[in-house]
Every structure is written in structure tokens, then in C-alpha cells.
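Participant: My questions all concern the structure below.
The values are calculated or read from the model by the stated rules, or taken from the named source; none is laboratory data. Please read all numbers here as calculations on a predicted model, not as lab measurements. With ideal geometry, Cβ positions are generated from the backbone for all residues, glycine too; neighbour counts draw on all protein chains shown.
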Amino acid sequence: MNGRCPPLSRTLKHLFPTTAAQCESLLRRCATTAKSLGTTEKLHAYTVTSGLLSNHFLSLIIAAYGLCGHAAYACKLFDQLPKRTLIAYKAMVRMHTESGHSRHALELFVEMHKLGSYSADEYMYPFVIRACGDLMLLELGMVIHGLTAKSGFLSGSFVGNSLLAMYMKCGDGEGARRVFGGMEVKTVVSWNTMISGYFRSGSAKESLMVFREMVDGEVEVDSATVLSVLPACGYLRDFETGQQVHLLVENKGFGKRLAVQNALVDMYVKCGRMDEARGVFDGMVERDVVTWTTMISGYILNENFGGALEMCKLMQFEGVRPNEVTIAALLAMCANLRNLRLGKCLHGWAVRQYFDCDVNVETSLIDLYAKCGSFRLSFRVFSRTSKTNTVPWNAILSGCIHNNLAQEAIELFKKMLLEAVKLDDATLKSLLPAYAIEADLQQAMNIHSYLIKSGFVRKPEIVTGLMDIYSKCGSLQSTYKLFDGLSMRNRDIVSWSVIIAGYGKHGDGKAALSLFNEMIRSGVKPNEVTFTSVLHACGHAGLVDNGLTLFTFMQKNYQESLRMDHYTCIIDLLGRADRLEEAYELINTMPFEPSPAIWGALLGGCVIHQNIELGEIAAKWLFELEPENTGNYVLMGNIYAAVGRFDDAEKVRMMMDSIGLVKAPANSVIEVRNL
């Protein structure tokens, strides 16, 4: 530091060549490949002090700053540029796209295009196309697609791959497929983009189809291919294809990458093959928090809660610190187990680790306390969350429904609208059951109007939720109108079950049976819920023979779907029709122990038809299985009283008194509007 420092210009002359050509060569290198901010700054200073700073050189400097990520300085120089050049436009479009400012990138491209002085090339178009995909601007992306074709750049794989990614991001799988089919040269990136794009857009089957095409075409796969296809295998629970990919990983030597090993563990977990997942896990030399969390989540997913807790202990023993996702998974386990004590311990640990403000942890805590019957604590957690995030709102809405707080859920929904919180499909799936519980036709019409206005009503699952609401309100005409508006492709088992149950509950058993038969003809396979709905419909409408025929059909063709509820429906059906002996015989031949609901259905039939003998048998079982259910004692006492056996009726009453049971008084609610 002793003596005078030499002038900067003299220092730079020693560091850099003096010719303009050599300086330009260095700048081009910094502007295209070499990300060196220090070198760029020195070259910039040299061009200024040496008098070389022309419009062309300044464009190269802008490109160099842009490549280094020095956006603020690049933008400042770009604004000062006397005449904007193609080099500068290309650099700024690339910089804005890569830094997430896609709208700025497109604005500059449009500005350049309007000037007409320059045309984009095969290096600029990919960034413009990527910006369209990032902003989900499909129509503009299609326009850019047309420009690339017109300019003759469509044959390049870089442009083609960018178009594939753009169409996939915008949810246009068919558009991506057309581009893919027309590509002269398909690189491994092209195949990987199709595989991952289909999966991310919800088309996992198509993702696997493209992978099989790739393998059959003997295209060389890479680790990115594996990371793209394994999530699709897990999502579809396609264990066989997952094993084939695992074999490919071993043959190609991709298993050394931690990300690939984690993806294999995740695939086996989602396929429900915890032994295979543990095999991969045990063979791993390196494990991170993602590995451990995947295994813990897998054990929870497969309801092996002991295995999850053991894995958590091993994780801490090896010194791996759980993250927010780990805690959220463990809290979900506590919610499933209704283990409030362990959940509170985890909550305390999350607070100490400053994880309690993470949205996944917050959501899991809200769900935990709601499912454990501590809704007050659930709401307290919710009150501390960021009210701009949709996920905690969805969780508290679900918590309200779980605790039968329908009106509170509706009020929270109104508050969401007032605070302009963005709604999604999960919000409405959590909310719509509240309107079904309330069964208020006016409220049903209000939410229906909102869904039409907001555009959500176009989604089949939302339409099904509305059908259920109108059905509970008794408006079968509105229910059927919504159902009729669904295309055959969108009529899934849930929508069929809702419409069938609606007609059944309101006493139109013939319509319910007709719809069930129509469902079978359409190729939709019924499940246990559908069968329960139809059997209930037959019982309410007195269609004994139809109900028995359906039950026989179930025993022959859907044995695996038979549940206790189905036997309850048939016992109730036979009891109402005074075929009590048949009902009792069916109970004796059931493949499992009769539940209180079964004996209750038989007792109900005995009350209607005053059958003391079978009534006493049913009552005996009910007094043993449900000793504190006052309804059973009252029903048996009513049978005795109906046939004049008042002494026995009094004995039943005394039995209730000795246990300390008191019949709960009945009540009713009348809602009065506009008062």
C-alpha cells in the first residue's frame, strides 16, 4: 500500500489486449458462455477508458451482465443504449426468462417484433416459448409456434423441445404430441419432456406409454428419464413397470445418484411395497432427510405406525434432523390414530425448531386437533396462519365438517371471499358438504350461483357435490338436471351413487333401480356405497323382490363388495315385509358376527308386526351389545304393550331404571326467515 497507485487505465492495459478485435472476442465469450462478473466489470471499465465503448460493444456488455445474473445493471445499460440491437434484445429476453420475469421478456420480444428491424433466431425463440409456458399463455405460444415454423427454425431440437415443454405446461398434451410426432430429431431431452409433462398434467398412463415407446425404440435413457418415469409408476401403483425401471437403473449405473435412489424408495412406497422400499433404503450408502421422510411417510401410508415411529428414532440416532415435511407426516399419523398427546408433543417440538409457521405443519396441526375433537385448538392454530394462503383455510373448513359445524364452515367461506383468498378445487370439496348438512334450498341456490359465476361448476366433481346438496334439500329435479348435464365420460361411480341415493331416500325406489340398471349398462362398476343406496331404496319403497334379486346378484358377482350394511338393508327389507323368519335365517348364515345394526333392523321389523318371539331374541342380543342404548328397551317394551303383556313391558322399564337409563326427550327445529 506504499506509494501511489497506478491509474486504472494503465492497469487495464496491462491486463487486457489493446486491439478492439481481441476485446470483442473476450466480450463475446463473457456474453455467451463464461459467467464471470469480475471479468465483465473489468472489460466494461476497459472499453470505457480506452474509448472502445460503441453501441455494439455496449450490447455485448449488456449480454455479459445478463448472463452473470446482474439484472439491475443490465437493465440500466439497456435503457441507455443509443440503438437497441439484436444482441441486446436476445440477452434481455434470456435474462428476464431465466430470472422469472417472463412478462418482461415477452414485452421486449413484442417490441422487437413490432420494430421489424430484427428477427428472432433459433437461440432466442426457445426463451420466448419458455416465457409463454411459464405464464400459461397457450394462444400466444401457438402464435410463436407459427413464427418458428415460418422462419424455418422448427426443425431444431432446441426449439422443438421448448415447444414440447410449453404445450405441456399449458395442459395441451395433444399439442405437445403433434410437435413430438413432427420432430425430425428426437433427443433424450425430447422424450424426457414428454414423460414428465404428461405426468405433471395428470396423464400418468400416457407418461408410461411414452416411456415404453422410448425403450422399444432403443433410445438411450439417462437419469433424468428415470426421475421422470418413477413418479408415474408410483402414482399408478404400477409395481411391474417400477421394477423394470429399477433393473434399468442398476444396469446403467444410475443408482449412485441419491436423487435416483430416493425416487426408487418413493415409487415402492406408493406401490405399497414397503419390503422393497426398505431393501433400497438399507442398500443406500448416503441418505438425506428426504430418504428418511419418504420411508416414514410410507409406513404411515400403509398404516404401519410402529414402523414409522421406529424409523423416526433411527433417523435421530443417525443425526439426521427432521424437516417440516417429516413433522407434517408424523402429525398426520397422530391425526389418524387420534393420538392427541403425541400430537401435542410434536407441536411443541415444531415450535422449538421454528417449524410451526410452515404451511404444511400448520395444516397438519389444524387437521390433527380437528380430528381429535379439539376444534378450539384447531381454530387457534388457524388464527395464527397467514390468511392469504388457501391451504390452511381448506384444512379448517374440513375440520368444521368433521366436527359437524356446517354453519361455521359456511361463515368461514364467506370470510374467505371478503378477504379475497384464492379458492381452489380443494376449498370447494371441503365446503360443499356443509351445504349438504344444512339442507337449506336457498343456501344451495346461492352457492350454485356462485359456482356458475366463478366457473367452478364446469368441473365434474363440483357438479357431483352440488347434486348431493340438492338431493339432501329434497330438490330431485335440480339433482337430475345437474346429472343430466354431465357427459357420459364424466359420470363416475360417485355421481351415479349420489343420484341413486337421492331417489332412494325420497321414496322413489323404482327410479333408483332404473338408474342403477342404466349405470351397469354404461359400463360403470358399482361399489359398496352404490349397492347400499339401491338396497336402501328398495327398503323404503317396499320393493322386496327387487331387493332380494339385487342381493343375490351381489353374492354371485360382487362377493368382495358385501359389507355389514348390505345385510342390514336386507334384514330391514324383509322385516318391513313381515318376512321375519327369512330375516332371522339370513342372520344365522352371515359370514361375520351380526352387528347391533343387524339386530336393530330385526327388532324394528318385530315392532311393526308384533313378533314377540323373534323380538325377544333380537332384544337379548342388543341388551348385551348395547346395554346403554335406551331405544332398544323402548322398542321391546312397545312390543309387549302392543300385545297386552303389560307386566313384561313394566319389567323392561324397571330394567332401564336399574341401569340408570332415561329416555331422551324428542325435539324439533323450525327455521323462520325474514323476521
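Participant: Taking residue 282 as the residue in question, decide whether it is under 17 Å from residue 234 (Cα atoms) and among the charged types (D, E, K, R).
Facilitator: So residue 282 does not fit the description; no.
Participant: Output the residue which, of all residues in the range 333-343 that are within 16 Å of residue 399 (Cβ to Cβ) and buried (at least 16 other Cβ atoms within 10 Å of the Cβ), is nearest to the chain's Cα centre (by Cα).
Facilitator: Looking at the filtered set, the residue picked out is 335.
Participant: For the structure I just gave you, tell me whether residue 125 is at pLDDT below 90 and over 30 Å from the mean Cα position of the chain (by Cα).
Facilitator: no
Participant: Follow-up. Taking interchain pairs and intrachain pairs at least six residues apart, which have beta carbon atoms under 7 angstrom, with the first residue in the range 592-612 and part of a loop (DSSP other than H, G, I, E, B) and the second buried (at least 17 other Cβ atoms within 10 Å of the Cβ)?
Facilitator: 594/587; 610/639; 611/580
Participant: With the checklist (1) of a type in the set (D, E, K, R); (2) over 21 Å from the mean Cα position of the chain (by Cα); (3) assigned to a helix (DSSP H, G or I) in hand, flag the one item residue 356 doesn't pass.
Facilitator: Unmet for residue 356, out of (1) of a type in the set (D, E, K, R); (2) over 21 Å from the mean Cα position of the chain (by Cα); (3) assigned to a helix (DSSP H, G or I): (3).
Participant: Count, please, the residues in the range 34-58 that happen to be hydroxyl-bearing (Ser, Thr, Tyr), touching a residue at least 12 places away in the same chain (Cβ under 8 Å) and surrounded by fewer than 18 Cβ atoms within 10 Å (Cβ to Cβ).
Facilitator: Residues in the range 34-58 being hydroxyl-bearing (Ser, Thr, Tyr), touching a residue at least 12 places away in the same chain (Cβ under 8 Å) and surrounded by fewer than 18 Cβ atoms within 10 Å (Cβ to Cβ): 3 in total.
Participant: Does residue 105 count as modelled with pLDDT under 85, on the phi < 0 side of the Ramachandran plot and small (Gly, Ala, Ser)?
Facilitator: Spelling it out, it is not the case that residue 105 is modelled with pLDDT under 85, on the phi < 0 side of the Ramachandran plot and small (Gly, Ala, Ser).
Participant: What residue, among those in the range 460-487 that are under 27 Å from the mean Cα position of the chain (by Cα) and not in a helix (DSSP H, G or I), is surrounded by the fewest Cβ atoms within 10 Å (Cβ to Cβ)?
Facilitator: Looking at the filtered set, the residue picked out is 487.
Participant: Name, by its number, the condition in (1) closer than 16 Å to residue 179 by Cβ; (2) buried (at least 16 other Cβ atoms within 10 Å of the Cβ) that does not hold for residue 146.
Facilitator: Failing condition for residue 146: (2).
Participant: Which residue, of 35, 42, 13, is more than 23 Å from residue 119 (Cα to Cα), at pLDDT below 75 and touching a Phe, Trp or Tyr at 6+ places or on another chain (Cβ under 9 Å)?
Facilitator: Just one listed residue meets the conditions, 13.
Participant: If you don't mind, another one. With the requirement that a residue be touching a residue at least 24 places away in the same chain (Cβ under 8 Å), surrounded by 15 or more Cβ atoms within 10 Å (Cβ to Cβ) and more than 13 Å from residue 466 (Cα to Cα), what does the range 412-437 give you?
Facilitator: Across the range 412-437, the qualifying residues are 421, 423, 426, 427.
Each row is one residue, and each column tells you yes or no for (1) at negative phi; (2) assigned to a helix (DSSP H, G or I); (3) not acidic (Asp, Glu).
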| position | (1), (2), (3) |
| --- | --- |
| 202 | no, no, yes |
| 215 | yes, yes, yes |
| 221 | yes, no, yes |
| 226 | yes, yes, yes |
| 233 | yes, yes, yes |
| 242 | yes, yes, yes |
| 259 | yes, yes, yes |
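Participant: When you go through 346, 365, 330 one by one, which is the residue that is in contact with a Pro (Cβ under 9 Å, 6 or more places away or on another chain), crowded, with 22+ Cβ neighbours inside 10 Å and under 21 Å from residue 301 (Cβ atoms)?
Facilitator: Exactly one residue qualifies, and that residue is 330.
Participant: Identify the residue in the range 177-204 that is in contact with a Leu (Cβ under 7 Å, 6 or more places away or on another chain) and within 24 Å of residue 238 (Cβ to Cβ) and, among all such residues, is surrounded by the most Cβ atoms within 10 Å (Cβ to Cβ).
Facilitator: 194
Participant: State all residues of the range 484-511 that are touching a Leu at 6+ places or on another chain (Cβ under 9 Å) and either small (Gly, Ala, Ser) or free of Cβ contacts under 8 Å to residues at least 24 places away in the same chain (or both); if no residue qualifies, say none.
Facilitator: Scanning the range 484-511 gives 495, 502, 504, 509, 511.
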